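The values are calculated or read from the model by the stated rules, or taken from the named source; none is laboratory data. If you're wondering where the values come from, they're calculated on a predicted model, not measured in any experiment. Counting neighbours? That spans all protein chains shown, and the Cβs are built from the backbone with ideal geometry, glycine included.
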Amino acid sequence: MIEVIPEWWPNRSNSTFINSVNYNWHIQKLGSEGKRLLLIHGTGASSHSWFPLTEDLELDFEILSLDLPGHGFTKALTKQKKQLKNIVDQIYNLLQEINFIPEIVLGHSAGAVIAYELAKKLENSPYTVAINAAFGQFSGLAGVAFPYFAKIAAATTIPARLLTLLANKQDLVQKLLSGTGSTIPREQIRCYQYLFTSPDHVDGTLQMMADWELGDFLDQLPRDTSPIHFFVGEKDKTVPSHISHSWARVISNSRLTECKGLGHLMHEEDPRTVSSILKTSFN
């Protein structure tokens, strides 16, 4: 299966495929010492998004990153809903199968939601680190129109194929990424460009958006006691920083660190700042 990954893909030599009940998972394992760290990317990304950060962390942590269902190189073996609970259950089963029980679960954006739910499910109660956590529903018109569009788009292959054609224009992907408030390396932009020319990846992204519903998750947060550390990019244009600030005041066992001048993709934009906070917190 490794041949499906381009030769230039970040950390390709660390890639492995694991057949589980419902998915053929693409995972990457790095490092060999220190605390076990699980990395969960956000919607529309893949494990490549952690590459700049893992370069700084692999000497200090034992790292596992994965492609979420329908994202990157993880393929569904059976048709599955991509609701929060289902995704968490599938990752939990994968971790049991490969015997990787993390002490820290680091998630970005929607991946931070998955990370926190997974941490609460794991028996060893790992610490959650949430980068620009998407702990909120869409508001106003977007709250009605966006999920509706995603559900329609996910029901047909036409939008996925249309988006892949549009993504062949480099400047479109560049504009989408710059709209996050972050400036990331050219090599990372190349990875996003590749992903959004894949109908399977675009379809998986749309399916996850269509199935995403956080009502129960948000209702539970004021009662949660599982430890969480919010990392917030001051210039995040995708998930406004006030969302993490608000939840940090509500969740009893929480901390928050705000990083000045950084946007939504802060772990790709300035990996040394993020890795420095992690090393200080956990080593």
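What single numbered condition from (1) closer than 25 Å to residue 269 by Cα; (2) out of contact with any Asp or Glu (no Cβ under 7 Å at 6 or more places or on another chain) fails to hold for residue 121?
Every condition holds for residue 121 apart from (1).
Output yes when any residue across region 12-22 is at pLDDT 95 or above, in contact with a Ser or Thr (Cβ under 9 Å, 6 or more places away or on another chain) and of a type in the set (Ser, Thr, Tyr), and no when none is.
Within region 12-22 (the criterion being at pLDDT 95 or above, in contact with a Ser or Thr (Cβ under 9 Å, 6 or more places away or on another chain) and of a type in the set (Ser, Thr, Tyr)), the answer is yes, since at least one residue qualifies.
Out of region 1-37, which residues are farther than 21 Å from residue 76 by Cα, within 17 Å of the chain's Cα centre (by Cα) and hydrophobic (A, V, I, L, M, F, W, C)?
37 - this is the single residue of region 1-37 that is farther than 21 Å from residue 76 by Cα, within 17 Å of the chain's Cα centre (by Cα) and hydrophobic (A, V, I, L, M, F, W, C).
Condition first: at positive phi and modelled with pLDDT under 95. Now tell me which residues in region 65-108 satisfy that. Give the steps one after another, and end with the answer.
From region 65-108, those at positive phi are 70, 72, 99; that's our starting set.
Listed by number, the list holds a single entry, 70.
Return the total of residues in region 245-255 being in contact (Cβ under 8 Å) with a residue 60 or more places away in the chain and over 13 Å from residue 222 (Cα atoms). Write out each step before concluding.
First pass over region 245-255, keeping only residues in contact (Cβ under 8 Å) with a residue 60 or more places away in the chain: 247.
Filter once more, keeping what is over 13 Å from residue 222 (Cα atoms): none.
Counting residues in region 245-255 that are in contact (Cβ under 8 Å) with a residue 60 or more places away in the chain and over 13 Å from residue 222 (Cα atoms) gives 0.
Consider residue 3 carefully, then state whether it is under 26 Å from residue 268 (Cα atoms) and in a helix (DSSP H, G or I).
Details: under 26 Å from residue 268 (Cα atoms): yes; in a helix (DSSP H, G or I): yes.
So residue 3 fits the description; yes.
Can you tell me which residue among 239, 250 is crowded, with 19+ Cβ neighbours inside 10 Å and hydrophobic (A, V, I, L, M, F, W, C)? Explain how you work it out, then say what you get.
Details: 250 fails: crowded, with 19+ Cβ neighbours inside 10 Å.
That would be 239, the only listed residue that is crowded, with 19+ Cβ neighbours inside 10 Å and hydrophobic (A, V, I, L, M, F, W, C).
Return the residue satisfying two criteria in turn: it lies in region 232-283 and is within 17 Å of residue 105 (Cα to Cα) and in contact with a His (Cβ under 8 Å, 6 or more places away or on another chain), and of such residues it is modelled with the lowest pLDDT.
It comes out as 281.
Regarding region 228-244, can at least one residue be identified that is part of a helix (DSSP H, G or I) and without any contact (Cβ under 8 Å) to a residue 12 or more places away in the chain?
Within region 228-244, the first condition is being part of a helix (DSSP H, G or I), and the residues that meet it are 241-244.
If we keep only those that are without any contact (Cβ under 8 Å) to a residue 12 or more places away in the chain too, we end up with 242.
Yes, there is a match, as at least one residue in region 228-244 is part of a helix (DSSP H, G or I) and without any contact (Cβ under 8 Å) to a residue 12 or more places away in the chain.
Do we find that residue 78 is part of a strand (DSSP E or B) and polar (S, T, N, Q) in this structure?
Against the criterion (part of a strand (DSSP E or B) and polar (S, T, N, Q)), residue 78 does not qualify.
Look through region 96-139, keep the residues that are of a type in the set (Ser, Thr, Tyr) and either within 15 Å of residue 83 (Cα to Cα) or surrounded by fewer than 16 Cβ atoms within 10 Å (Cβ to Cβ) (or both), and return whichever of them is nearest to the chain's Cα centre (by Cα). First the steps, then the outcome.
Let us first name the residues in region 96-139 that are of a type in the set (Ser, Thr, Tyr), namely 109, 116, 125, 127-128, 139.
Then drop every residue that is not either within 15 Å of residue 83 (Cα to Cα) or surrounded by fewer than 16 Cβ atoms within 10 Å (Cβ to Cβ) (or both), which leaves 116, 125, 139.
Working: 116: 12, 125: 20, 139: 21 Å.
Filtering region 96-139 for residues that are of a type in the set (Ser, Thr, Tyr) and either within 15 Å of residue 83 (Cα to Cα) or surrounded by fewer than 16 Cβ atoms within 10 Å (Cβ to Cβ) (or both), the one nearest to the chain's Cα centre (by Cα) comes out as 116.
Of all residues in region 44-64, count the ones that are surrounded by fewer than 19 Cβ atoms within 10 Å (Cβ to Cβ) and more than 15 Å from residue 282 (Cβ to Cβ).
Number satisfying all stated conditions: 1.
Could you figure out which of (1) buried (at least 17 other Cβ atoms within 10 Å of the Cβ); (2) out of contact with any Leu (no Cβ under 9 Å at 6 or more places or on another chain); (3) among the aliphatic types (A, V, I, L, M) isn't true of residue 27?
Every condition holds for residue 27 apart from (2).
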